1. Please report, ordered by residue number, every helix of the chain (full DSSP H runs) that is 30 Å or longer along its axis going by C-alpha atoms and whose mean Kyte-Doolittle hydropathy reaches -0.5.
2. How big is the chain on each of its three principal axes, counting only the C-alpha atoms and giving the largest first in Å?
3. Excluding PRO182 itself, calculate the net charge of residues whose Cβ lies under 15 Å from the Cβ of PRO182, where each Lys or Arg counts +1 and each Asp or Glu counts -1.
4. Over the chain, what percent of the accessible surface lies on carbon and sulfur atoms, probe 1.4 Å?
5. Apply 1/(1 + (r/R0)^6) to the Cβ-Cβ distance of ARG77 and HIS104, taking R0 = 45 Å, and write down the FRET efficiency to the nearest 0.05.
6. In bins 10 Å wide, starting from 0, what share of all Cα pairs of region 1-145 does each bin hold, as a percent?
7. Pulled fully out, how much extra length does the chain show between ARG206 and ARG168, if you take 0.36 nm times their separation in residues and subtract their Cα-Cα distance?
8. Cα centroids of region 96-116 and region 238-312: how far apart, whole angstrom?
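The values are calculated or read from the model by the stated rules, or taken from the named source; none is laboratory data. Small disclaimer: the values here were computed from a predicted structure and weren't measured. Glycine gets a Cβ as well: all are built from the backbone with ideal geometry, and neighbour counts include every protein chain shown. Remember, those area values only see protein heavy atoms, side chains included, never the ligands or the DNA or RNA. Shrake-Rupley method; radii C 1.70, N 1.55, O 1.52, S 1.80 Å.
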Amino acid sequence: MPSPAWPRRSYAWYVLSLLTLAYALAILDRVSIALLIEPLKVALDINDTQFGLLQGMAFSVVYSVLGLPLGMLSDRRRRVTLLFGGLMLWSAATIGCSFASNFHELFIARMLVGVGEAALVPVATSLIADYFAPEVRPKAYGVFVTGSSLGTAAAMALGGLFLDWAERLIAGMPGLFGTMQPWQVVFVLCGAPGLVLALVLILTAREPARQGGSVATEPISLRPVLRLFIERPGAFGLFMLGSVLNLVCVYAIVGWFPALFIRAHGWTAAETGKILGMVGLPISIFAAVNSGWVIAWLNRRGHADAPVLCAMGCAASMVVFGTLACLAPTGNLALLGYALNALFLNWNTSAVYTGFAQITPNALRAQVMALQTIASGLIALTAGNFIVGFLSDTVFTQPNGISWSLGSVFFCCGLAAFLILMASRRSFRTATAALDAKAA
């Protein structure tokens, strides 16, 4: 049976813009709470440990675990409707954070943000695979990944701007905001755009036909997706493991690079945040976009394992530029290493989205991406932050020990990722050929 026609290219890019904006808003709603630590501590009488739970566990556990069942639903139901529901939920839950009167109520609201956002990556990556033909798909995933960089930047820039606006809204619209504190207004301003985007999405985004396969109809079970890993452990297991080890380094950057510049090079916290943001944002967006073009270029040159090669490029950068940034003797040299590493930072994410779409049957794509999300959230996010701190406390205890702790993680995890990904190349090419033959 021939595959259905691909959606019109201009319309596909329009839907992709909505998905990318949803990704940016998800990151904004996820991390903007970081700017509200002081007013929340005063208003809700919470301590630093509780605030850490609000940023981490309250969100990440449900976000990681629920990705799989939501992936299963995505492979069986209308994905646009599922994403609409998730977007409405996490946006409403973000607004709901403003009504919390104590730690426990805010914790529950943050959990609901995680529940809603758990639908995003499995659904969006599955939709993109059916909106864009294989030769264009890597570029589409590269654009989608920019949502993460845009959302992180927006969380810092808009969070501060929203705090300024909050004072004016409270004074200028007392009937609507007069009883609220500024931190409550910030949550409302962060969540409201998502409700509008959800309406635009459900009214204008059409469910695309599933290319190369029909909707999954068998009873919900983990057996089909686990069978993929058992039958092709190199293509699925090693590729996932290598990409997760890359993410250990990525989360180490997010969690510990500011401390590197503050402790090892004597920068202030204010200038560290400003400089890293100014340098990292444009480079990471450029890397996210060009990663898709690099994968497409490698595909045109006959490399069926182009996503693996792209992820290996990220791993090599971690080993070379990442390690050098950690061990550089001056702050300026460390910043240069940070900037060079940022050129390849988003290659791993684009490689994962493109790679699993390339080797996974349509009816299982969202589930495989959900497993990747679980591994990323529960392994990489935890390990990337914990290992550096553990080494700094127990092994490299000297004043500049953070440099050696970070450098060890970059070198060891980056090298392991590179070797594991290299080992997966043959199996990945075989899995690609097998799926192409089945679809032909």
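1. On the way: long enough: 9-31 (33 Å, 1.01); 137-172 (48 Å, 0.64); 182-204 (34 Å, 2.09); 239-259 (31 Å, 1.78); 269-300 (45 Å, 0.92); 401-439 (53 Å, 0.93).
Those that pass (Cα extent of 30 Å or more, hydropathy at least -0.5) are 9-31, 137-172, 182-204, 239-259, 269-300, 401-439.
2. In descending order, the Cα extents are 63, 55, 36 Å.
3. Numbers: positive: LYS41, ARG168; negative: GLU38, ASP164, GLU167.
So the environment of PRO182 carries a net charge of -1.
4. Details: 12670 of 18310 Å².
Here it works out to 69 percent.
5. Values: r = 33 Å, r/R0 = 0.73.
Plugging the Cβ-Cβ distance into 1/(1 + (r/R0)^6) gives 0.85.
6. Reading the bins upward from 0: 11, 37, 28, 16, 7, 1, 0.
7. Details: separation 38, 0.36 × 38 = 13.68 nm, distance 3.94 nm.
My answer for the length gained is 9.7 nm.
8. 31 Å
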